[in-house]
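First comes the structure, then the notes that go with it.
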Amino acid sequence: MSKEAVLGAIRRGLRRGPVPDDLASGLRARLRAHPRHLIPARSLLPRPAQVALFIRNVEKEFGSVIRVPGPTDVPAAIADYLAAQNLPSALVLAPHPELQALPWATRPLLRLREGRAEPTDLVSVQHGYAAIAETGTLMLPGTPDRPTTLNLLADTAIVVLLASRIVGPLEDAWDRLRAEGHDPVTGGFLPRNVMLVTGPSRSADIESTLELGAHGPRRLHVVLVDDDPTAID
Amino acid sequence: MRATSPAFRENAAHALADKRLQKALVFTRPAFPSRRAAAIAQLPEFEQLRKTGRDIKDHTLANLDFYLETWAANVERAGGQVHWCSTADEARAAVLAICQRVGARTVTKGKSMISEELAINEHLEQHGITPVETDLGEYILQLRREPPSHIIAPAFHLNREDWEESFRASHTDLPPGRVFADRRDILAEARAQLRARFLAADVGITGANFLIAETGSTVIVTNEGNGDLTQTLPRVHIVLASIEKVVPTLEDTCTLLRLLARSATGQDMSVYTTFSTGTRRPGELDGPDEFHVVLIDNGRSAMLGSPFQPMLRCIRCAACLNHCPVYFTVGGHAYGWVYPGPMGAVLTPTLIGVDQAGHLPNASTFCGKCESVCPMHIPLPGMMRHWRERQFERHLTPPTARAGLRVWGWFARRPWAYRLITRAVAAGLGRLGRKRGRFSSLPLAGGWTGGRDLPAPEGATFFARYAREQRAGRA
């Protein structure tokens with residue numbers, strides 16, 4: 001069992017020795033440039049249409065979206081959603097500064113706990129890092145203030161997302177992370193975990209028929225905060 | 001997994017007589033092609049993306065050693081370990097060594113075809129470790145001790161009654177008189193049973209759809225979320241990945257993701273696409289303390305530089321299975337090993353030998369549908385033809401077939417003789433069958449007429465008719 005054995009077998013198949021220096025520097029340049037390929041035109045739209053496409057795609061994938069005018073409206077939107085769905089008002093909340101700054105006290109009936117999700121949690125509130133209009137996908141990097149279990153364990157997953165964080169194609173979301181991410185261990189931009197989430201958990205394993213809520217959340221609800229004046233019609 | 005591919009003929013006959021299986025095949029067959037077609041209709045760039053996807057994989061395969069080394073260095077920078085394994089035996093030993101070192105008793109598993117190739121469950125069980133499949137389809141197959149019959153819908157051959165039967169037999173802690181009103185009740189019971197397993201597991205094993213050289217990431221694509229629970233909750237995460245999974249960058253991955261879900265289930269994007277890069281970071285509340293990737297060759301490197309190299313572009317979407325008339329007639333188990341359908345007919349002989357799996361590349365009508373839907377433009381029928389040639393060269397083809405081919409070859413190389421004999425046969429059969437218009441049995445063709453009638457020729461050959469119409473056209 002060795003690295004050299006595996007690499008040697010590959011080189012025998014390719015009928016050459018190790019990659020020569022000039023070729024390797026070309027390959028390293030490709031990695032550094034990470035060129036984009038063809039980007040589908042469907043999400044290359046003016047901002048309001050991009051946001052509308054995101055909402056349409058989330059709903060197509062069995063998620064739901066509510067738009068609110070500002071961050072101060074988020075606690076009420078969550079409380080109303082839970083009441084309308086007949087869900088408990090106990091939440092586990094991502095320990096993210098933007099969520100901590102929300103006026104939760106305006107809805108005193110909401111019981112909050114910060115941290116990772118436990119198996120007993122029924123409702124989680126995650127901080128949305130970015131979202132992709134092309135497919136209605138949320139980008140949720142796992143960081144200390146955005147625990148991964150919040151995306152997975154609760155029956156109802158709520159994500160608070162700023163409209164300014166909606167991009168067109170998936171490549172634009174990676175560009176944001178490339179520009180903003182700082183991993184303490186690798187020095188790179190990518191954290192340990194990045195989840196791209198498109199709708200609630202599902203399975204078609206029983207008689208090829210789709211059912212929601214296989215192992216992850218049965219409901220995915222996005223609270224979209226209109227912080228971006230250019231994104232409003 | 002012990003291969004029953006040498007018994008493909010018997011397996012197929014058995015499958016044709018299996019009423020439950022035929023019911024599931026008939027029920028499922030139309031769903032996959034129509035979902036894929038609907039998704040692709042919404043993406044006008046799909047054909048262009050296919051070409052780009054093919055080129056990305058070809059570029060990566062041509063520089064596979066470079067990209068794997070780059071990827072592995074980045075895994076290690078993120079606190080992970082790469083275990084390079086040439087064979088299935090080495091890979092099984094690597095997984096077991098990690099599990100034993102951490103004193104694992106139960107191991108949860110996300111869906112992974114390479115883990116079927118390694119038969120890792122049996123290996124762990126033999127050493128006193130309990131593996132638990134968590135993908136819903138794989139879970140019921142584990143309860144029933146059956147292999148998967150499809151690479152992305154492993155249990156689609158089962159009907160609702162099969163699920164209920166197995167759950168009653170296995171979940172003996174629940175009231176035996178409980179009622180399953182609909183599929184949701186079956187799902188809810190599996191969810192509750194598996195939640196406890198996720199939380200108790202010491203090690204989580206997943207596969208990988210992609211490895212990203214640029215970042216040292218492994219990527220899984222799922223709909224249920226079981227893979228994510230498998231890799232997030234236990235202290236140790238082991239990824240099983242074969243060497244051809246690597247791609248250079250996130251941008252390359254974007255293009256392949258646009259092809260994968262549409263070709264597989266007709267979704268624009270699967271529900272969870274998750275990028276894992278190393279171990280839990282300081283201050284993080286979730287994630288494994290150990291991150292291992294068992295990187296497996298197991299026959300892939302021998303495909304490089306061979307006519308079968310394009311098969312290494314495969315992203316395991318199952319579009320070729322989903323559109324295959326043979327696959328949807330006999331189901332996946334008949335193929336007798338891990339990979340069924342057209343991609344299996346090409347891959348299985350390379351991995352377990354054409355002497356074992358020679359029937360598979362012959363179980364094709366060469367209709368070409370598989371190649372036409374493959375998102376990576378893999379020339380599947382062409383490669384099946386290569387296998388038939390190799391079989392012939394190695395004298396693995398049965399003597400009667402060899403004799404038949406020799407006779408046909410003699411005529412095919414002598415056009416005058418070919419025309420003479422076809423003219424005689426067409427005229428003779430035309431006269432004999434004039435009354436009924438078809439034959440229900442013919443000498444030397446019993447195998448063919450056993451399942452269907454042969455329409456009687458009209459009396460003249462294609463050549464004769466072509467020549468006649470050419471003359472008429474000129475006149």
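Read the figures in this text as sums done on the coordinates, not as results from a lab. Worth saying up front: this structure is predicted, and the values here are computed from it rather than measured. When we count neighbours, we look across all protein chains shown, and the Cβ atoms used for this are built from the backbone with ideal geometry, even at glycine.
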Quick calc of log₁₀ I(q)/I(0), region B:43-298, Debye, one scatterer on every Cα, no solvent, q values 0.08, 0.12, 0.17 1/Å, result -0.33, -0.74, -1.36
Cα-Cα pairs of region B:333-450 separated by more than 21 Å (percent): 56 percent
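Tell me, rounded to the nearest percent, the portion of alpha carbon pairs in the protein assembly as shown spaced more than 46 Å apart.
Values: 60242 of 250278 pairs.
Everything past 46 Å amounts to 24 percent.
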Sorted by chain and then number, the residues having a modelled amide H within less than 5 Å of the amide H of residue B:81, at least 5 places away or on another chain, are B:291, B:292, B:293
Which residue, A:48, B:222, B:278, has the largest displacement toward the positive end of the dipole of the protein assembly as shown when charges sit on each Cβ (Lys, Arg +1; Asp, Glu -1)? B:222
Hey, for a label at residue B:434 modelled as a point 7 Å past Cα toward Cβ, could you say which residues of region B:444-475 have their backbone N under 20 Å away? B:454-462, B:464-465
Between residue A:59 and residue A:80, what is the label-point separation in nm under the 7 Å Cα-to-beta-carbon projection? 1.6 nm
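In debye, nearest 20, what is the charge dipole magnitude of region B:43-298 about its Cα centre with +1 on Lys and Arg Cβ and -1 on Asp and Glu Cβ, if you could check? Walk me through the numbers on the way to the answer.
Values: 26 positive and 38 negative charges, 101 e Å.
Its charge dipole is roughly 480 debye.
Kindly provide the Kirkwood hydrodynamic radius of region B:86-140 in Å, to one decimal, from all pairs of distinct alpha carbon atoms.
Details: mean 1/r = 0.0872 Å⁻¹.
Taking every pair of different Cα atoms in region B:86-140, averaging 1/r and inverting gives 11.5 Å.
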Give me the aspartates and glutamates in straight-line cross-link reach of residue B:23: C-alpha distance below 15 Å, same-chain residues under 8 apart excluded. A:207, B:161, B:162
For residue B:153, enumerate residues with amide H under 5 Å from its amide H, sequence gap 5+ or separate chain, H modeled in the peptide plane. none
May I ask you to list the lysines whose Cα is less than 17 Å away from that of residue B:57, ignoring any residue fewer than eight positions away on the same chain? B:245
For the protein assembly as shown, with only Lys/Arg (+1) and Asp/Glu (-1) charged at the beta-carbon, what is the dipole magnitude about the Cα centre, in debye rounded to 20? 4000 debye
Rg/Rg_globular for region B:226-374, with Rg_globular taken as 2.2 N^0.38 Å and Rg from C-alpha atoms: 1.22
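Return a whole-number percent for the relative contact order of chain A, with Cα pairs under 8 Å and 6 or more residues apart as the contact set. Walk me through the intermediate numbers first.
Values: 432 pairs, mean separation 55.0, N = 233.
Relative CO of chain A lands at 24 percent.
Please report, in cubic angstrom per residue, the volume enclosed by the convex hull of the alpha-carbon atoms of region B:428-475.
Values: hull volume 4.4 nm³, N = 48.
Hull volume normalised by residue count: 91 Å³.
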Taking Rh as the Kirkwood radius, which is the inverse of the mean 1/r over Cα pairs, what is the Rg/Rh value for region A:45-231? 0.95
Projected onto the charge dipole of region B:237-379 (+1 at Lys/Arg Cβ, -1 at Asp/Glu Cβ, origin at the Cα centre), which of B:325, B:345, B:303 gives the Cα projection farthest towards the positive end? B:325
The ³J(HN,Hα) series, computed from each phi in region A:200-209 with the Karplus coefficients 6.51, -1.76 and 1.60 at θ = phi - 60°, rounded to the nearest Hz and given as x for glycine or proline, is x, 3, 7, 8, 10, 6, 8, 6, 6, 10
With point charges of +1 on the Cβ of Lys and Arg and -1 on the Cβ of Asp and Glu, referenced to the Cα centre of region A:8-94, which listed residue (A:81, A:9, A:70) lies farthest in the positive direction of the dipole? A:9
As a test of the formula, what do you get for chain B when each DSSP H run with n ≥ 4 contributes -39,500 (n - 2.57) and the sum is divided by the residue count, at 222 nm and rounded to the nearest 500 deg cm²/dmol? -15000 deg cm²/dmol
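For chain B, what mean projected area does the convex hull of the alpha carbons give, in nm²? Write out the running numbers ahead of the final one.
Working: hull surface 113.5 nm².
Spelled out: convex hull of the Cα atoms, projected over all directions, averaged, 28.4 nm².
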Could you size up the charge dipole of chain B around its Cα centre, putting +1 on the beta carbon of Lys and Arg and -1 on that of Asp and Glu, and report it in debye to the nearest 20? 3220 debye
Based on the mean of other Cβ atoms within 10 Å per residue, sort peptides A:173-183, A:203-213, A:57-67 so the most packed one is first. A:203-213, A:57-67, A:173-183
